[in-house]
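The values are calculated or read from the model by the stated rules, or taken from the named source; none is laboratory data. Predicted model, so just to flag it, every value in this text is computed and none were measured. So basically every Cβ, Gly included, is an ideal-geometry build from the backbone, and we count neighbours across all protein chains shown.
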Amino acid sequence: MLDEAQQVLDWPFPRPSNGHVPHILAELREAPPCVIRIPAGAVPSRRAWLVTRYPDVTQALKDPRLSVDETLPGAPVRIQLPPGEKPSSFLRADDPEHDRLRGMVVSEFTARRVRTMGPAIERLINELLDDFESKPRPADLQDAFTRQLPTLVIARLVGVPDEESPFFVESTRVSISQGNPQRSYAAFMTMSERLRELAAERAADPKDDVMSRLAVNYMAKGELTMDELVALVRLLLIAGHETTTNQIALNVLSMLLDDELRDAVMANDGALIPQFVEEALRFWSISQDGILRMALEDMELGGVQMKKGDAVVISIPSANHDESKFPDPGHIDVHRDTHGHMQWGNGPHYCTGAPLARLEMQLAVKILFQRFPTLKLAIDKPDGLFRRETVFHGVYELPVTW
């Protein structure tokens, strides 16, 4: 039982200086789920089970006995925001609420719909790289390109003006940061209020964007409240730029650190880029410590008995580095079968925006290295680049030259 465990590990685990997944996870996979301590923040500190092995993670992500609902009494949370205000929309909701809200936006991210966005995304990439090329060297690729691309793509899709993108990027950074719940909540409220204003404008004067379609197709018919609309759009904005920004930067960094990898990926007009993107997703596993559940009933998982109300943390990085599923997981192998990696999730909460994120990542790598074949890091070692104490792994900056 959680409360009786003698050994309790402090969580989350820090990554080593090279940004790879924490070494301790390999050791923990040798045993059943262990007990960890979730730090205090918007809610008090509490104990939880940590699930690390690939089969157990697969079960945990699909098992309806494990609830994602952040509004349940005692539900574990990672971001420093009061869960009662439903800051995560359908991301932290169970069915039927999850299915209802997700169903309102899922058609915006189908593979067919995303393919139609390809030409516009290519144009945006080239525009950003034109501007990047004119900058003094060395230049910060994160600031000029890898952050700008997904931010502008998702902002335009949902209906946020380009000029307001920096505001939402900074608001997101503070909202999901760790260590200062009051500051996080203030940024969250400021962002939400601006989205509320934009939603009201779209309701009165609809445009060709997600916010307008939600207002016209659902809110006007009484099927969606203004609070729900704001939460939906906020989730799309945060998930659409925060994760993709960091993953694109890490994809680029992977190629800058390994000339053989870069040559293999870019050979034959980038034929291996799709495989590389999926393998880099597995390797870096940026969703590092924000996947939480709560047991709705007594149950067994991974060889331990969990009680109703127990908190459960699901380790995506550990599952993605489980040697029983991915042999020699500690390096990027573009010829590896990455089918089943967990970075997109699994089960009913599989990432809604995966088709769009994939397209952005693939086009970003291809066009960047085709236009800048001599691109290289402008520092000797990348150790100081990696973000610390964040829900999503990534880099602070990416200094490069060419």
Could you check region 261-348 for strands (runs of 3 or more DSSP E) lying wholly inside it with 1 or more residues that are farther than 27 Å from G394 by Cβ and more than 21 Å from the chain's Cα centre (by Cα)?
292-295, 299-301, 304-306
Within region 384-399, can one find any residue that is over 30 Å from D94 (Cα atoms), of a type in the set (G, A, S), at pLDDT below 95 and out of contact with any Cys (no Cβ under 7 Å at 6 or more places or on another chain)?
yes
Matching residues in region 125-158 - criterion: being assigned to a loop (DSSP other than H, G, I, E, B) and crowded, with 21+ Cβ neighbours inside 10 Å:
R147
Out of region 265-289, which residues are within 16 Å of T58 (Cα to Cα) and surrounded by fewer than 21 Cβ atoms within 10 Å (Cβ to Cβ)?
none
From the list A319, A354, pick out the single residue that is within 22 Å of C34 (Cα to Cα) and in contact with a Phe, Trp or Tyr (Cβ under 9 Å, 6 or more places away or on another chain).
A319
What pairs come up if the first residue lies in region 213-224 and is under 17 Å from V158 (Cα atoms), the second is modelled with pLDDT of 95 or more and among the aromatic types (F, W, Y), and their beta carbons are under 8 Å apart, counting only those six or more places apart or on different chains?
L224/Y218
Can you find even one residue in region 253-264 that is within 25 Å of E360 (Cβ to Cβ) and surrounded by 21 or more Cβ atoms within 10 Å (Cβ to Cβ)?
yes
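This table checks each residue for (1) within 26 Å of I367 (Cβ to Cβ); (2) in contact with a strand residue (DSSP E or B) (Cβ under 6 Å, 6 or more places away or on another chain); (3) of a type in the set (D, E, K, R).
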residue: T116; (1), (2), (3): yes, no, no
residue: A139; (1), (2), (3): yes, no, no
residue: R147; (1), (2), (3): yes, no, yes
residue: P161; (1), (2), (3): yes, no, no
residue: E193; (1), (2), (3): no, no, yes
residue: R196; (1), (2), (3): no, no, yes
residue: A199; (1), (2), (3): no, no, no
Being touching a strand residue (DSSP E or B) at 6+ places or on another chain (Cβ under 8 Å) and under 30 Å from D69 (Cβ atoms): is that true of I291 here?
yes
Please report, ordered by residue number, the helices (runs of 4 or more DSSP H) entirely within region 44-124 with at least 2 residues that are among the polar types (S, T, N, Q) and within 23 Å of V304 (Cα to Cα).
54-62
Of the residues in region 206-243 that are among the basic types (K, R) and assigned to a helix (DSSP H, G or I), the one that is nearest to S175 (Cα to Cα) is R234
Hey, could you check region 72-98 for residues that are over 20 Å from the mean Cα position of the chain (by Cα) and farther than 20 Å from M191 by Cβ and say which is surrounded by the fewest Cβ atoms within 10 Å (Cβ to Cβ)?
P73
May I ask you to list the residues in region 265-299 that are of a type outside the set (A, V, I, L, M), in contact with a Ser or Thr (Cβ under 7 Å, 6 or more places away or on another chain) and within 18 Å of L25 (Cα to Cα)?
R282
Looking at region 1-29, I want the residues that are outside any loop (DSSP other than H, G, I, E, B) and modelled with pLDDT under 95 and have a partner that is surrounded by 11 or more Cβ atoms within 10 Å (Cβ to Cβ) and acidic (D, E) with Cβ atoms under 6 Å, at least 6 apart or on another chain. Which pairs are those?
L2/D310
Contact list please: Cβ distance under 8 Å, first residue in region 191-210 and closer than 13 Å to L229 by Cα and in contact (Cβ under 8 Å) with a residue 60 or more places away in the chain, second residue of a type in the set (V, I, T) and in a helix (DSSP H, G or I), pairs at least six apart or on different chains.
V210/V158; V210/V233
In the list R112, R78, R47, R102, which residue meets the criterion of being without any contact (Cβ under 8 Å) to a residue 12 or more places away in the chain and out of contact with any Asp or Glu (no Cβ under 6 Å at 6 or more places or on another chain)?
R112
All conditions in (1) of a type in the set (A, V, I, L, M); (2) under 22 Å from the mean Cα position of the chain (by Cα); (3) farther than 16 Å from P329 by Cβ are true of V57 except (3)
